[in-house]
Amino acid sequence: MSVTTPPPALRKPIDKDALRRKYAEERDKRLRPDGNNQYLRLQGQLSHYLDDPYTPRVERAPKTDHVTFAFIGGGFAGLVTGARLKEAGVDDVRIIEKGGDFGGTWYWNRYPGAQCDTAAFVYMPLLEETGHMPSEKYTHAPEILEHCQRIGKQYGLYDNALFHTEVKDLVWDDDQSYWIIRTNRGDEFTAQFVGMGTGPLHVPKLPGIPGLTSFRGHSFHTSRWDYDYTGGDPSGAPLDKLADKRVAIIGTGATAVQCVPHLARACKKLYVCQRTPSSVDVRDNRPTDPEWFKEIATPGWQQRWLENFTANQTGGMAEVDLVMDGWTDLSRRIQARIASLPAEERTPAKMWEAFEDADFEKMEEIRMRVEAIVEDPQTAEPLKAWYRQLCKRPCFHDEYLQAFNEPSTTLVDTNGLGVERITETAVVVAGQAYEVDCIIYASGFEVGTAYHERAGYDMVGRGGVKLSEYWADGMRTKHGTHVHGFPNAFIVQPTQGANLISNVPHNLTESGRTIAMIVKHALDHGHDEVEVSQQAEEEWIQLLLTGAGRMIGSQDCTPGYYNNEGQPTGPQARLFVGYPHGAMAFFKYLKEWRSNGSFEGLEFR
Ligand code: NDP
């Protein structure tokens, strides 16, 4: 594989104090007292923004049967857990999914240009098992969706799946030792075990801009892309129906970065409405060379790559970097700086300094990249991101900044304040109205809302206790998976486990493996129930609290969903952490924990 394109060389030494001041100034501009409450939930007259534009809903008879394992969510979490359960011989697995097919994020996000931001060789799950070779280093969304369908087919997960179905009630029956599941399709069935992989970013939200509902033109959220209106398709065919349209896109996060180049090529006029610029580093995508892939794809290859990526990404001092991407770049820089320190100077303070220095340097390069690419200096300046790289989701793209050189495209920078108003025909920024036919909301997904609000149901465990009540003072689990009082239930997500944000699927595949082994153990030994003991859960929480705390989303950062929009987070946030010894150590620990057969801390009955 070729080496990443070198970034522009730094011109002068970095004035760290000046940068710190600038970062603080830019953050302060954006802080607002309403924090997360500034966003609009898609309910009532906004609920049509949630309609599925991709698959017609098919009528079916309600289910009233019993399954061994029900999984809520048909994205990567459900697919990898379902696959491992099938491999373990658990045949009646039922996946319940609100979309019209498998895919989760990749079912909904079909906007033009959507692609994975972590190298596909580690991002796409079960590549070795399915024999699929990602066609590019960063594959595009249609291929990832197809891969989800491939997993579904290969493991027979379609047979029992319920699509366009949302769980409304999930209640433990203590007498029968099973879960009762009710859905919005009239289903009422039971399951001995349940898994939940509802994902962190699946409920779209709209910006709370005054006048939003008064707009008379067309509008949609990026996760429900309206190809009937724009023309084109998710594979990148030109959006030919926009040739005579004036379009505003609101938001400049990871989604907008990927779809703006397509809009810029297609629209008569495109206004990109920006509150905070993303940091946009080099993408350097390329097709996969099948000969090269044949060489690397020896037995166990994907696990090796996963472990290598995670080791590089989380400071594991791996000797090589197989993946070589933007995520590992910052880690490599930090490691190089730490390695250059004499042993006696490797104190926490010096290590923090090394991290900060590497970050300043990286962000200077990213800002210089803006200048090098964007021709108009007045457009380039506001596209520069003034915060540490991990304050917001880092982005990688080789066409986004270039889009601002298109005559059709105008950056409407809001100086950190957001769009002022929407009228019947226009978006208004700093008093100026930009008349448009269509508004595309690239405004992201609910994050700070309660787990049960996003999931759409509140799990009721032993003794009628709701999960929201049990977690009133913060999330409590062992491994992020098991909750005391909620037997035979498994949550599949990263927090309180590896917490590896740069490659979420790695967390999920390890969880899937673990759950399948626990369920098989229970079934093989005729146990009706498995539950984490209160003591084991408490010990895990105490262990988590010995860590350094949250790695991303510090309160010094510019507001965003990583730091609760810059608002104080309350005591619960101290539990939104991972294993204190890091992701690599967690995966190693988890493998040993599940393999020695004792499943320490779980009680089988
Ligand atoms: P984000 O939440 O990252 O972005 C929302 C955008 O809307 C921000 O730029 C925000 O500005 C802006 N915004 C909000 N309110 C206003 C307002 N009133 N006026 C103007 N702008 C406003 O959503 P995305 O959909 O871009 O991304 C969400 C997440 O999804 C990503 O962080 C990433 O984790 C994931 N993702 C992953 C991809 C991948 O792996 N390939 C691709 C795309 C997304 P501000 O920053 O100031 O709040």
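The values are calculated or read from the model by the stated rules, or taken from the named source; none is laboratory data. Computed from a prediction, not measured in an experiment: that's the story for all the values here. Glycine also receives a Cβ, built like all others from the backbone with ideal geometry; neighbour counts cover every protein chain displayed. Please note that ligands, DNA and RNA were not included when accessible areas were found on the heavy atoms of the full protein model with its side chains. Shrake-Rupley method; radii C 1.70, N 1.55, O 1.52, S 1.80 Å.
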**Complete:** Rounded to one decimal in nm, the spacing of the 7 Å Cα→Cβ label points at GLU345 and MET133 is 4.7 nm
**Item:** Carbon + sulfur, % of accessible area of region 76-166 - ligands and nucleic acids excluded, 1.4 Å
**Value:** 44 percent
**Asked** Relative to the first principal axis of the alpha-carbon coordinates of the chain, what is the inclination of helix 301-313, with its axis defined by its Cα atoms, in degrees from 0 to 90 and to the nearest 10?
**Response** 60 degrees
**Fill in**
Percent relative contact order for region 498-586, counting Cα pairs under 8 Å at least six residues apart, stands at 34 percent
**Message:** With every protein chain kept in place and ligands, DNA and RNA left out, what is the accessible area per residue of the chain? Probe 1.4 Å, answer in Å².
**Reply:** 41 Å²
**Normalised per residue, the volume of the convex hull around the Cα set of region 419-540 (Å³)** = 182 Å³
**Karplus-derived 3J(HN,Hα), 6.51/-1.76/1.60, for each residue of region 234-248, Hz, glycine and proline x** = x, 7, x, 4, x, 7, 5, 7, 8, 4, 10, 10, 9, 10, 10
**Complete:** Binned at 10 Å starting from 0, the alpha-carbon pair-distance distribution of the chain in whole percents comes out as 3, 16, 27, 28, 19, 7, 1, 0
**Complete:** One would report the Cα pair-distance distribution of region 459-518, bin width 10 Å, in %, as 23, 48, 26, 3
**Request:** Can you pull the one-decimal nm distance between simple spin-label points at LEU543 and LYS588, each 7 Å off the Cα toward Cβ?
**Result:** 1.4 nm
**Complete:** If every Lys and Arg gets +1 and every Asp and Glu gets -1 at its Cβ, then about the Cα centre the chain yields a dipole, in debye to the nearest 20, of 920 debye
**Message:** What does the extension gain come out to for VAL320 and ASP52, with contour length at 0.36 nm per residue minus their alpha carbon separation?
**Reply:** 92.1 nm
**Message:** For HIS66, what residues show an amide H to amide H distance below 5 Å, using hydrogens built from the backbone and excluding near sequence neighbours?
**Reply:** THR190
**Fill in**
Along region 500-515, Karplus-curve 3J(HN,Hα) (6.51, -1.76, 1.60; θ = phi - 60°) to the nearest Hz, with x for Gly and Pro, reads 8, 7, 6, 8, 4, x, 4, 4, 5, 5, 5, 5, x, 4, 5, 4
**Request:** Would you kindly derive the ³J(HN,Hα) couplings of region 253-269 from the backbone phi angles with the Karplus curve 6.51 cos²θ - 1.76 cosθ + 1.60 (θ = phi - 60°), listing them in order in whole Hz, with x for Gly and Pro?
**Result:** x, 4, 5, 4, 4, 7, 9, 4, x, 5, 5, 4, 6, 9, 7, 4, 9
**Request:** Once you have the Cα-Cα distance between ASN415 and LYS268, take 0.36 nm times their residue separation minus that, and quote the gain in nm to one decimal.
**Result:** 50.4 nm
**Inverse of mean 1/r across different Cα pairs in region 555-605, Kirkwood, Å** = 14.0 Å
**Request:** Please work out the FRET efficiency for the pair ARG32 and THR64, using the Cβ-Cβ distance as r and a Förster radius of 60 Å; give the result to the nearest 0.05.
**Result:** 0.75
**Request:** Using only Cα atoms, find the angle between the long axis of helix 348-373 and the longest principal axis of the chain, and express it within 0 to 90 degrees, rounded to the nearest 10.
**Result:** 50 degrees
**Request:** Take the alpha-carbon centre of region 489-561, take the same for region 270-332, and report the distance between them in whole Å.
**Result:** 24 Å
**Fill in**
In nm, the gap between the two label points placed 7 Å beyond Cα toward Cβ at MET368 and ARG286 is 2.3 nm
**Message:** I'd like to know which of SER235, ALA536, ASN564 lies farthest towards the positive end of the charge dipole of the chain, counting +1 on Cβ of Lys and Arg and -1 on Cβ of Asp and Glu.
**Reply:** ASN564
**Asked** To the nearest 10 degrees, how steeply does helix 583-595 sit against the main Cα axis of the chain, on a 0 to 90 scale?
**Response** 10 degrees
**Asked** Size of region 30-125 along its principal axes in angstrom, Cα-based, largest extent first?
**Response** 53, 39, 29
**Asked** If you stretched the chain out fully between GLU375 and ALA18, how much longer would it get, using 0.36 nm times the residue separation minus the C-alpha to C-alpha distance?
**Response** 125.9 nm
**For region 159-216, convex hull of alpha carbons as volume per residue, Å³** = 164 Å³
**Asked** Ordered by packing density, taken as the mean number of other Cβ atoms within 10 Å over each peptide's residues, highest first, how do 407-413, 581-587 rank?
**Response** 581-587, 407-413
**Asked** So what is the calculated 222 nm ellipticity per residue for the chain, using -39500 (n - 2.57) for each DSSP H run with n of 4 or more, over all residues, to the nearest 500 deg cm²/dmol?
**Response** -9500 deg cm²/dmol
**Item:** the chain - percent relative contact order, Cα under 8 Å, separation 6 or more
**Value:** 20 percent
**Request:** Keeping the other protein chains in place, figure out the carbon and sulfur percent of the accessible area of region 227-343, with a 1.4 Å probe.
**Result:** 55 percent
**Asked** Using the per-residue mean of other Cβ atoms lying within 10 Å as a proxy for protection, in what order, highest first, do the peptides 252-260, 468-476 fall?
**Response** 252-260, 468-476
**Request:** List, in the order given, every pair from LYS86/LYS205; LYS269/LYS384; LYS98/LYS466; LYS137/LYS591; LYS98/LYS294; LYS29/LYS362 whose Cα-Cα distance in the structure shown is over 26 Å.
**Result:** LYS86/LYS205; LYS137/LYS591; LYS98/LYS294
**Item:** Whole-angstrom Cα spans of region 303-397 along principal axes, big to small
**Value:** 46, 34, 20
**Request:** Select from PRO200, LEU270, CYS259 the residue farthest towards the positive end of the dipole of region 163-278; place +1 on Cβ of Lys and Arg, -1 on Cβ of Asp and Glu, and compute about the Cα centre.
**Result:** LEU270
**Request:** Order the peptides 450-462, 196-208 from the highest to the lowest mean number of other Cβ atoms within 10 Å of their residues.
**Result:** 196-208, 450-462
**Prompt:** Does region 489-605 classify as rounded, prolate or oblate by the C-alpha gyration tensor (a ≥ b ≥ c root eigenvalues; a/c under 1.5 gives rounded; else a/b over b/c gives prolate, otherwise oblate)?
**Reply:** prolate
**Request:** Have a look at GLY113, GLY82, LEU145 and report the one farthest towards the positive end of the charge dipole of region 74-171, computed about the Cα centre with Cβ charges (Lys/Arg +1, Asp/Glu -1).
**Result:** GLY113
**Message:** Within 10 Å of each candidate Cβ there may be at most 12 other Cβ atoms; applying that plus a DSSP loop requirement, which chymotrypsin sites (Phe, Trp or Tyr not before Pro) in region 174-256 survive?
**Reply:** none
**Prompt:** What per residue convex hull volume, in Å³, comes out for region 197-297 when only alpha-carbon positions are used?
**Reply:** 176 Å³
**Computed over region 418-539: relative contact order in percent, which uses C-alpha pairs under 8 Å that are six or more apart** = 16 percent
**Message:** How large is the Kirkwood hydrodynamic radius of region 94-209, counting all unique pairs of alpha carbons, in Å?
**Reply:** 16.2 Å
**Fill in**
For region 344-469, shape from the Cα gyration tensor axes a ≥ b ≥ c, cut at a/c of 1.5 then a/b versus b/c, turns out oblate
